[in-house]
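Written out below as structure tokens is the structure these notes cover.
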Amino acid sequence: MIISFWSPVKKTGCVTANMILLSSLCAIKPFGGRALLLENHYNKNNIGQYTVFQEYLDKVCENSAAINNYGMDGVLRKLTRGDTNQDSLLSPAIDLSIPNMYYFPHSYLINKEVYEYQFYYAMNTFFNAFNDGRNVIYVDVESNNNISTFELLNNSDCIVVNLNQSENDLTYFFENYGSLTRKAIFLISKYQPELALNISKIKRLYPFKNAPIFTIPYNVEFEYAMEIGRAQQFIFKNHFQPSESNKYFIRETSKTADYLRGKIIKNLTDRMFSD
């Protein structure tokens, strides 16, 4: 199953943070497969920065022999040689803190344009190798101006659309990307219920039709955990023993994760019986 996390607006959609949060919550309750996380673009504030200790990333980057076979660089090199074995393609990935979660960092060797070009031409081979009814592929998708973005959105089984409490941004989405609603889950990022444009008003003003819409509350402690590369440790700890200040955040995000996990199980079950 391929799940794209995307926003029509940059920076305020919280795409990377929401993808880490929901993929981690879904993986805490095992579904029998692996969760693979990757980006289709260069991003300074990337998945690795928020989930992996910086000391580990620095060590890899200092080792010229290791970096050649690291992350998507290693994967693209293997695919070029015709290697589509799952275990082989997993070897360049980083094991994340939650079991059966893997992250494929973007390239550290080639420039942005070359990486995006190579990713575009190799992505379907990569997806075909893992999209076998056992794995879930989460893709952090760039807003626009990327050669692979719209093909990813078209070919995804589910699109998690990340929005906010801005009338301009909500209007922009429905005027330009309303056709994506049919396979979308909507998130209102950094949600603050006290603002005038609350979730009830958003549902009333915009044509979500029957698409599910959830809120991801603003949470200072989660923001800090991401800054220091401990996002998953925060999620895991508070999922089982939430502090008083985090109970609302975990309750609301768990509703979203439970819905997404239900879609994942249904998709994988349907694939199992159809094969």
Kirkwood estimate for the stretch 233-275, i.e. one over the average of 1/r between Cα atoms, Å
11.9
Of 22-35, 70-83, ordering from highest average Cβ density within 10 Å down gives 22-35, 70-83
Going from the alpha-carbon gyration tensor of the stretch 156-254, what semi-axes, largest first and in whole Å, does one get by taking the root of 5 times each eigenvalue?
27, 15, 12
Per the Kirkwood definition applied to all pairs of different Cα atoms, how many angstroms is the hydrodynamic radius of the chain?
19.2
If you count the DSSP beta bridges with both ends in the chain, what percent of them are antiparallel, to the nearest 5?
5
Measuring from centroid to centroid over Cα atoms, what is the spacing of the stretch 1-24 and the stretch 149-208 in Å?
12
What ranking do 151-163, 172-184 get when scored by the average of other Cβ atoms within 10 Å per residue, highest first?
151-163, 172-184
May I ask you to compute the full-extension gain from Tyr172 to Asp157, defined as 0.36 nm times their residue separation minus their alpha-carbon distance, rounded to one decimal in nm?
3.1 nm
Note, the stretch 189-206: 3J(HN,Hα) by Karplus (6.51, -1.76, 1.60, θ = phi - 60°), whole Hz, Gly/Pro = x, goes 7, 6, 5, 10, x, 7, 6, 4, 8, 8, 5, 5, 5, 4, 5, 6, 8, 10
Two decimals, Cα atoms only, Kirkwood Rh: what is Rg/Rh over the stretch 83-149?
0.96
Taking only the alpha carbons of the stretch 137-210, what extent do you get along each of the three principal axes, in Å, biggest first?
37, 22, 22
How are the C-alpha pair distances of the stretch 89-237 spread across 5 Å bins, as whole percents from the shortest bin up?
2, 7, 13, 17, 17, 18, 16, 8, 3, 0
Kirkwood Rh (inverse of mean 1/r, distinct Cα pairs), the stretch 1-41, angstrom
11.5
Other-chain or far-sequence residues with amide H under 5 Å of Tyr191's (modelled H):
Ile216, Tyr218
Quick one: helix 247-274 against the long Cα principal axis of the chain, what's the angle to the nearest 10°, folded into 0 to 90?
60
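Values quoted throughout were computed directly from the atomic coordinates according to the rules given, and no laboratory measurement underlies them. This is a predicted model, so every value here is computed, not measured. So basically every Cβ, Gly included, is an ideal-geometry build from the backbone, and we count neighbours across all protein chains shown.
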